[in-house]
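Undergrad: Submitted below is the structure of interest, expressed as structure tokens.
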Amino acid sequence: ASSEGAMRAALPKGRLVTFVPEYVGDLALPEAAEEGKRLVSDHGAERGEATREGFTSFLGQSRPGSPVSVLHFAGHANPPGDGVVHGEEGLRMEDGWVSHLEVHSGVVLGIEDGTFVVLNACSAGAANRELGGVGGWPSCLAARGFGGILAPIWAIQDEFASQVVLDQVSGLAKGMTLGETMRAARTCYRNASATPYAYLCHGDVMARVF
């Protein structure tokens, strides 16, 4: 196990698990649904149960099966502080919201596997100040030993957001470093949309999947 908060120089080779809620009505995100399907068809991803209990239980399991290389979420999100009065903060699952505060001492997946986390949702990578420190998904996941985090810090266009993530995962599968995959995605779509520049990739830029 690595020390908490340390960015890893190597990412684990193993399972890709995707959580894509099936929203209904005005909440539906067809691009996110297609993104999840592509990860399954192109990379053999497993579908996780996109409920509050399903997601938090997965984070809290001690090595759920073989090592988890990539943990992926695509859906709606509210940044830290937005909607907190009504409990609408964090990632929106099918039955409610999961806050970054759920990434606490009981979350061991990162420490055990060094999993790379992809949160493909508007402003999921945004941070806030809490208790004298910086809060939000990236800082909380890094503190629990996850090997890297990819997430946008502002609103994104669904079409290009899905392509950035699919390209990132494909690049990692081909042996590219985190830095190379992010640079390639930005270069490919920079003339079509500002969306690629919304993403911050937290982690060792030289890290590869081994």
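FYI, it's all coordinate maths here, none of it is from the lab. Worth saying up front: this structure is predicted, and the values here are computed from it rather than measured. All Cβ positions, glycine included, derive from the backbone under ideal geometry; neighbour counts span all protein chains shown.
Undergrad: With contacts defined as alpha carbon pairs under 8 Å and 6 or more residues apart, what's the relative contact order of the chain in percent? Show your work: numbers first, answer last.
TA: Working: 466 pairs, mean separation 51.1, N = 210.
Across the chain, relative contact order equals 24 percent.
Undergrad: Note the per residue figure in Å³ for the convex hull of the C-alpha positions in the stretch 124-210. Mind dumping the intermediate values first?
TA: Numbers: hull volume 7.6 nm³, N = 87.
Residue-normalised Cα hull volume stands at 88 Å³.
Undergrad: Another one. Classify the stretch 10-76 as rounded, prolate or oblate from the Cα gyration tensor: take a ≥ b ≥ c as the square roots of its eigenvalues, call it rounded if a/c is under 1.5, otherwise prolate when a/b beats b/c and oblate if not. Numbers along the way, then the final one.
TA: On the way: a/c = 2.79, a/b = 1.46, b/c = 1.91.
Since a/c reaches 1.5 but b/c is at least a/b, the shape of the stretch 10-76 is classed as oblate.
Undergrad: Then there's this: Find out how many positive minus negative residues lie around GLU94, taking Lys and Arg as positive, Asp and Glu as negative, among other residues whose Cβ is under 12 Å from that of GLU94.
TA: Numbers: positive: ARG52, ARG92; negative: GLU22, GLU49, GLU53, ASP95.
Here the charged neighbours net out to -2.
Undergrad: 5 Å is the cut-off here: which amide hydrogens, built 1.01 Å from N in the peptide plane, fall below it relative to MET93, excluding neighbours closer than 5 in sequence?
TA: VAL98
Undergrad: Oh, and also: Report, for the chain, the % of DSSP beta bridges that are antiparallel, rounded to 5.
TA: On the way: 13 of 30 bridges.
That works out to approximately 45 percent antiparallel.
Undergrad: Quick one: the Cα spread of the chain along its three principal axes, in angstroms, biggest first?
TA: 43, 40, 33
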